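The values are calculated or read from the model by the stated rules, or taken from the named source; none is laboratory data. It should be emphasised that the depicted structure is a prediction, and the values quoted were computed from it without experimental measurement. Backbone-built Cβ (ideal geometry, glycine too); neighbour counts: all protein chains shown.
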Amino acid sequence: MKIEQNHIQDSNKKSLQSHQEQFDFLSNSLAKKGADVQGIINKLKDFQVAIPSWALGAGGTRFGRFSFYGEPSSLEQKIHDVGILHALTQTAGAVSLHIPWDIPQDYAAIKEIANGLNIKFDAVNSNTFQDQKDAKETYKYGSLSNTSEAVRQQAIQHNLDVINIGDKLGSKSLTVWLADGSCFPGQNNFQTALQNTENSLKEIYKGLPNDWSMLIEYKPYEPNFYSTVIQDWGTSFMLANACGDKAYSLVDLGHHLPNSNIEQIVSILMSKAKLGGFHFNDSKYGDDDLTVGSIKPYALFLIFNELVYGMQNNPDNPDLAWMIDASHNVKDPLEDLIQSLEAIQEAYAKALLIDQTELKAAQLNNDVVKCQEILQDAFRTDVRPLLAEARLKAGGALSPINAYRALDVRNQLIDERGKHTVATGL
Ligand SMILES: [Mn+2]
């Protein structure tokens, strides 16, 4: 199924007038406060977030997986689903593939489908946390950190293969997330595991094309519950520095212990020009992979405040690879992604409302109350008419969720694909 422009225009008609009234009211009041409304709308239009191929089907937990009807069962269908999201939101102009779940059969055909839907190929993700059928070595006791050289070599070669696949599609970065670690004290030698990982990452780094970057993701626990080799941003930062200029840290919102100050991590990494990628999701307890902004929208806003500050003040930090990394059981995955995209844009727009000059002056005066007032005034502003206006100008839907439902997208996908298709992945 492909959503055409006239479908979207039809769905926008009903709410066009009330949108115009709300937008006029908001943009007038923001302009009086000195905000550059048009500048913010342009930034929202430019902001694109990659959709991971594994989020398009129902996610699972270790207790079970409840599939959703009409799931995409091939890479082509996954890209079509991203095309639906992008047509409605104009924010999902990229897809992030996971290898070996998404190895293209026909590269030219896949690229043509993506081009036709205005979708780029963002970071490619390697997978050394599962054993593949017919693999010679097992990752049961780790991959890049393994005590066995043969296992490490297999994992290094897999990452090089992923780079090669991504290169043929036009990707420019490799994301490495390792499950490596230990479940029991004494199982691993911490120093050896980290040194093996560093040496292996350096081997992969040697295979990066010049215009590529390597993004090193960290996570404190799970699937290992005693120690994880790349457990935190400091370890990721250390490994990125050891590899070289094209290696960066990647922050995933769900990969922190409860109450970690993620905005401070983001800020410090950007000041050192080492933040390369960002994964959005939300969580209550751990790596819950819930819809972005569903649990802690204020924390997301504070993180965006640091991201905006970094994008404006840390020119040496590269453009970030933005991706949603969430997947679960109880919502239609496309509706879930639409809600995540909206929450991301909302936090971004609110952060753009912060008057950085005024905030800096208040900080210099140690006017703590004023600092809080500035942040919370931005956070409490209902920016949704700005998001809708940005989408409207880009050809998207005023309300992507309403349009998705009005167009009966899921039932059309079920008609096309059948009920019991299963997406490859987790
Ligand atoms: Mn992630």
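Please state which one of Asp332, Asp319, Asp367 is surrounded by fewer than 21 Cβ atoms within 10 Å (Cβ to Cβ), under 20 Å from the mean Cα position of the chain (by Cα) and without any contact (Cβ under 8 Å) to a residue 24 or more places away in the chain. Please lay out each step first, then the result.
Details: Asp332 fails: without any contact (Cβ under 8 Å) to a residue 24 or more places away in the chain; Asp367 fails: under 20 Å from the mean Cα position of the chain (by Cα).
Just one listed residue meets the conditions, Asp319.
Is there a residue being basic (Lys, Arg) and touching a strand residue (DSSP E or B) at 6+ places or on another chain (Cβ under 8 Å) anywhere in segment 61-82?
yes
Just one of Ala326, Ala347 is within 18 Å of the chain's Cα centre (by Cα), within 16 Å of the ligand (Cβ to nearest atom) and surrounded by 15 or more Cβ atoms within 10 Å (Cβ to Cβ); which is it? Step through it out loud before you land on a result.
Values: Ala347 fails: within 16 Å of the ligand (Cβ to nearest atom).
Exactly one of Ala326, Ala347 is within 18 Å of the chain's Cα centre (by Cα), within 16 Å of the ligand (Cβ to nearest atom) and surrounded by 15 or more Cβ atoms within 10 Å (Cβ to Cβ), namely Ala326.
Go through segment 286-304 residue by residue and tally those that are touching a Pro at 6+ places or on another chain (Cβ under 9 Å) and more than 17 Å from Gly60 (Cα to Cα).
The number of residues fulfilling the criteria is 0.
Quick check on my filter: what residues within segment 209-249 are more than 14 Å from the ligand (Cβ to nearest atom) and among the small types (Gly, Ala, Ser)?
The answer is Ser213, Ser227, Gly234, Ala240, Ala242, Gly244, Ala247.
From Ser29, Ser67, which residue is at pLDDT 95 or above and either more than 18 Å from Ala388 (Cα to Cα) or loosely packed, with under 14 Cβ neighbours inside 10 Å (or both)? Show your work before the answer.
Numbers: Ser67 fails: at pLDDT 95 or above.
Ser29 is the lone residue from the list that is at pLDDT 95 or above and either more than 18 Å from Ala388 (Cα to Cα) or loosely packed, with under 14 Cβ neighbours inside 10 Å (or both).
Hey, can you tell me all the residues within segment 250-305 that are aliphatic (A, V, I, L, M), surrounded by fewer than 22 Cβ atoms within 10 Å (Cβ to Cβ), closer than 22 Å to Ser327 by Cα and more than 15 Å from the ligand (Cβ to nearest atom)?
Leu257, Ile295, Ala299
Within segment 382-396, identify whether any single residue is in contact with a His (Cβ under 9 Å, 6 or more places away or on another chain), more than 16 Å from the ligand (Cβ to nearest atom) and in a loop (DSSP other than H, G, I, E, B), and answer yes or no.
At the first step, the residues of segment 382-396 found to be in contact with a His (Cβ under 9 Å, 6 or more places away or on another chain) are 385, 388-389, 392, 396.
Now narrow it down to the ones that are more than 16 Å from the ligand (Cβ to nearest atom): 385, 388-389, 392, 396.
Next cut, in a loop (DSSP other than H, G, I, E, B) only: 396.
The answer is yes, given that some residue of segment 382-396 is in contact with a His (Cβ under 9 Å, 6 or more places away or on another chain), more than 16 Å from the ligand (Cβ to nearest atom) and in a loop (DSSP other than H, G, I, E, B).
What is the residue count in segment 327-355 for residues that are in a helix (DSSP H, G or I), within 17 Å of Asp252 (Cα to Cα) and in contact with a Pro (Cβ under 9 Å, 6 or more places away or on another chain)?
So the count comes out to 3.
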